[in-house]
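All of the numbers you see were taken from the coordinates with simple rules; none came from a lab. Treat the numbers as computed from the prediction; the structure is a model and nothing was measured. Cβ: placed from backbone, ideal geometry, glycine included. Neighbour counts: every protein chain shown.
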Amino acid sequence: MKIIFSKKKLIKIMQKEKNLGFVPTMGAIHKGHISLIKKSNEECAKTIVSIFVNKQQFNKKRDYEKYPRILRKDIFILKNNKVDYIYIPTIKQIYPYGYNKKIVISSFSKKLCGIHRPRHFEAIADVVERFTNIINPNKIFFGEKDMQQLLIMKDFFKKMKYKTKVIGCKTIREN
């Protein structure tokens, strides 16, 4: 397992990969993430997991600050689940010129939980698109637990004509 902190180094390594699965996370790895990793390991030759707490996804600064950051534990869990690469970028590597305020996604983002979380799904689409452009995975894995997010991301990738296939995986919850 390689842990990569450098965007330049990651791009160089990823150019050699042919059948790559990507599991985007904000860390605090749990059974749901592990199920996505297992699916990626089954379907792809290599799996990369990102750990990046995306400030833009949070509507409240306090929620962002309280989000668990347990990097050592996350790395241990990922290693035990046969992840090939972990990418742990800085904010500057992901958002060198700031956030994309003009990202366009499905109007479905304004319904259900999107009513109470303005720009949440735009922030997810923005960060996942940035990771996809860096990593260039064949498949990206999301849990069905957030069906709204999954449908929005499938629609977004289709409209943007990405070759990356968005895979929805069964919901797995902690006890």
At most 15 other Cβ within 10 Å, DSSP loop - chymotrypsin sites (Phe, Trp or Tyr not before Pro), the stretch 25-100
Tyr97
In a Gaussian network model over the chain where Cα atoms closer than 10 Å are linked, find which of Ile29, Ile11, Ile152 has the largest mean-square fluctuation.
Ile11
Length released on extending from Glu144 to Arg62, taking residue separation times 0.36 nm less the Cα-Cα span
26.9 nm
Please report, in whole Å, how far the alpha carbons of the chain spread along each principal axis, starting with the longest.
40, 37, 32
Give the range of the longest stretch in the chain that excludes all trypsin sites (Lys or Arg not before Pro) found in loop regions by DSSP and having at most 15 other beta-carbon atoms within 10 Å.
112-160
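Quick check on my link table: of Lys8/Lys158; Lys9/Lys66; Lys39/Lys82; Lys46/Lys165; Lys55/Lys101, which ones sit more than 21 Å apart, alpha carbon to alpha carbon? Mind showing how you got there, number by number?
Details: Lys8/Lys158 27 Å; Lys9/Lys66 30 Å; Lys39/Lys82 12 Å; Lys46/Lys165 15 Å; Lys55/Lys101 14 Å.
Exceeds cut-off: Lys8/Lys158; Lys9/Lys66.
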List the aspartates and glutamates whose alpha-carbon lies under 18 Å from that of Lys73, not counting same-chain residues fewer than 8 positions away?
Asp84, Glu174
Go through the stretch 80-92 residue by residue and turn each phi into a ³J(HN,Hα) via Karplus (6.51, -1.76, 1.60, θ = phi - 60°); whole Hz please, and just put x for glycine and proline.
5, 10, 6, 6, 7, 9, 10, 10, 10, x, 8, 4, 4
Which distance in nm do the two modelled labels at Arg119 and Phe76 give, with both placed 7 Å along the Cα-to-Cβ direction?
3.7
So how strong a dipole does the chain carry about its Cα centre when Lys and Arg Cβ are +1 and Asp and Glu Cβ are -1, to the nearest 20 debye?
320
What distance in nm separates the simple spin-label points at Thr90 and Lys2, each placed 7 Å from Cα in the Cβ direction?
2.1
Cβ-Cβ FRET estimate between Val104 and Lys18, R0 fixed at 35 Å, reported to 0.05
0.65
